[in-house]
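What follows draws every value from the coordinates through simple rules; no lab data is involved. Source: prediction; values computed, not measured. In this analysis, Cβ positions are derived from the backbone assuming ideal geometry, glycine residues included, and neighbour counts consider all displayed protein chains.
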Amino acid sequence: MTSRTFVLAALAAFAPALIPASGQAAGLERLTILDCGRNVVKDQSKWSPGHNVGKAKEFSSNCYLIKHAKGLLLWDTGVPDALVKRPNGLTVAKGLITLYRAKSLVSQLEALGAAPGKIDYVAVSHIHGDHVGNLKAFKTSKILMQKSEYEAGAKAKAPPFTKDQTIVKIEGDHDVFGDGSVMIIATPGHTVGHQSLLVRLPKTGALVLSGDAVHFQWNWDNKGVPAFNFNKPQTAASMARIRGVMAKYKATLWINHDQPQTATLKRAPAYYE
Ligand SMILES: [Zn+2]
């Protein structure tokens, strides 16, 4: 081994497994935030143990449409569009959670010229109902999810996908467009195959879309893990991993369910470049 190949090999050994160091966001054009409903919970401490016990809280729910030269990616699908017709919402989890939706996902996509048939990829953070509520609407898209999450969904009483949908079963990280601009990052713990998304926008810079790796700012600041998570140590490790990715890419964390943060962000028709 020459000294040069030795140096290259040594560098490769320390390179993060997933993210190409170069390949900055040449093909990535924009990200648009869509209103994907809201959840009102009776006792927020189920998500933030010991904090604000017995107090209600409103969660925001966002979906994110990402436009790349090579195609359109939708991240998460929110609460079911059918709830638009139920202004009083749908109460689930033995009365703990009420789900609402003001406008449908499909109508918001159509208004942007991105009807479901035009969406190349739909990636879901995990298979909980406030994230996969409209997954079945994307009949021609490639669905990107962790293999373990797919297997959990296939075993569920009501699978969130149909047998004729194309599911790409990911194991670990995944570079969606092949240039490092949009990277699925495995962040298990909330569920068995939970994933988050790193988006490196040309002007806005890098963002991490949390999924439910973290539910709101308090959890992030206090490393709080919901008691009902699939695996608590794994959730903590995934949060640590996100911190590492954020440090490396100087990324901002967008916490999907953090209503105060969502209120500071621009939703469609505005967008981020
Ligand atoms: Zn959620």
Checklist outcome for this item: Among the residues of the stretch 98-136, the number that are without any contact (Cβ under 8 Å) to a residue 40 or more places away in the chain, surrounded by fewer than 18 Cβ atoms within 10 Å (Cβ to Cβ) and touching a Leu at 6+ places or on another chain (Cβ under 8 Å) is 1
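A quick yes/no check of all residues on (1) within 16 Å of the ligand (Cβ to nearest atom); (2) assigned to a helix (DSSP H, G or I); (3) at negative phi:
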site	(1), (2), (3)
Val225	yes, no, yes
Arg241	no, yes, yes
Lys248	no, yes, yes
Thr262	yes, yes, yes
Leu265	no, no, yes
Ala268	no, no, yes
Checklist entry - Scanning for something without any contact (Cβ under 8 Å) to a residue 60 or more places away in the chain, charged (D, E, K, R) and closer than 27 Å to Lys46 by Cα, does the stretch 212-219 turn up at least one residue? => result no
Next on the checklist: So, in the stretch 58-97, how many residues would count as being in contact with a Cys (Cβ under 8 Å, 6 or more places away or on another chain) and in contact (Cβ under 8 Å) with a residue 60 or more places away in the chain?
Outcome noted: 6
Next on the checklist: Being crowded, with 20+ Cβ neighbours inside 10 Å and more than 15 Å from the ligand (Cβ to nearest atom) is the filter here; which residues of the stretch 189-205 pass it?
Outcome noted: Leu198, Val199, Arg200
Checklist entry - In the list Lys169, Lys157, Lys163, Lys147, which residue meets the criterion of being out of contact with any Pro (no Cβ under 9 Å at 6 or more places or on another chain), touching a residue at least 40 places away in the same chain (Cβ under 8 Å) and surrounded by fewer than 17 Cβ atoms within 10 Å (Cβ to Cβ)? => result Lys147
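Yes/no per residue for (1) under 21 Å from Leu28 (Cβ atoms); (2) surrounded by fewer than 19 Cβ atoms within 10 Å (Cβ to Cβ):
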site: Asp212; (1), (2): no, no
site: His215; (1), (2): no, no
site: Ile242; (1), (2): yes, no
site: Thr252; (1), (2): yes, yes
Item to check | Failed criterion for His126 (all others in (1) within 14 Å of the ligand (Cβ to nearest atom); (2) closer than 19 Å to Arg267 by Cβ hold) | outcome: (2)
